[in-house]
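Written below as structure tokens is the structure these notes are about.
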Amino acid sequence: MEELLQHPAVQSGVAPFLAALVVVAALQFVRLGGLAAVAAFCVAVFLISGFAFSPLTATRKIVLLGLVAPVVGVLVDFAFKPTRLGQVVLALAAGAASAWAFMSVLQQKDLTQALLIGGGSAAFVAWLVGFGLAQAEQPVRAGAMGLGLGLGGGVAAILGASALYGSYALALGAGSAAFLLWQVVTGKRIRAGATFMLSVTLTAGLLLAGTMVLAQLPWYSLAAFALLPLATRLPVPERAPVFVQATVASTYALVVAAGACALAWQSSGGMPGS
């Protein structure tokens, strides 16, 4: 069993998917099915590296923020009425969190480079969170966005020479797949809310930005991923069964993700980093 749990496919795919499926099935009735994404992420972190926060490195800050995101999401969903202003505030806070996460790395660079890299990363994360939250009440589109960001981000991170970030992102994709699958199988929409969207967009955004800052993912691959929230806003057949809607929305997301991965592949010379 221990050997099975050490297999990369189990750590970043199978186990996170099963955990997310259990969470969706158990918590959908109390409108907390959106915790599927963080459940998948937590399982991957536990199996791959374990939970440790000292010293507080950039990677551990990302994990910490990934755990804080659903807490904030639950508060937004149940204690506050979501507004456009609230989405903007959360997006700006996410951008600031990105700057905090990579501060120790940025401090080692000259001022111009630090501003470009840090500012670009913060803007990318803020963009994903802001436009992601705008679709928080559309669970099929939300799940499709999580699928694209997770699976696409995982592949891109691995191509960008960060297997760890890639594994974490793939787990988010697995969790989003479970969230979508349950809706397809039952034919019923499950509330995503800020609980799901903040977890997915903030964590995936930080993992992608981190691969650019700490590894070799090119900035233009991030620019391509920034189109993903716009892609999932494209028309879907609203009166069609959930399966059809999920297929169409996921296709939009995965096409954009594939393009972003292609850019990462080209930059890596066609071979993922070790």
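The table below lists the values:
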item	result
Cα shape, the chain, gyration tensor, a/c 1.5 rule	rounded
Net lengthening on full extension, A223/T57 (0.36 nm per residue, minus Cα-Cα)	57.2 nm
Order by protection proxy (mean Cβ within 10 Å, highest first), peptides 237-248, 92-103, 159-170	159-170, 92-103, 237-248
Per residue Cα convex hull volume in Å³ - calculated over segment 136-270	83 Å³
FRET efficiency, M1 to M103 (Cβ-Cβ, R0 45 Å, nearest 0.05)	0.65
Computed [θ] at 222 nm, deg cm²/dmol, the chain (DSSP H ≥ 4; -39,500 (n - 2.57); rounded to nearest 500)	-23000 deg cm²/dmol
Per-residue Cβ neighbour rank within 10 angstrom, fewest leading, F131, F179	F131, F179
Under the Karplus curve 6.51 cos²θ - 1.76 cosθ + 1.60, θ = phi - 60°, whole-Hz ³J(HN,Hα) for segment 129-137, x wherever Gly or Pro sits	5, x, 6, x, 4, 5, 10, 5, 8
Tensor-based shape of segment 221-274 (alpha-carbon gyration tensor, a/c under 1.5 rounded, otherwise prolate or oblate)	prolate
Choice from K188, K109, K61 with maximal GNM fluctuation in the chain (Cα, 10 Å cutoff)	K109
Between helix 163-186 and the chain: long-axis angle, C-alpha atoms, 0 to 90°, nearest 10	10 degrees
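Just so you know, all these numbers are worked out from the coordinates, no wet-lab data involved. Nothing here was measured: the structure is a model prediction, and the numbers come from that model. Quick reminder, even Gly has a Cβ in these numbers, built from the backbone with ideal geometry, and neighbours come from all protein chains shown.
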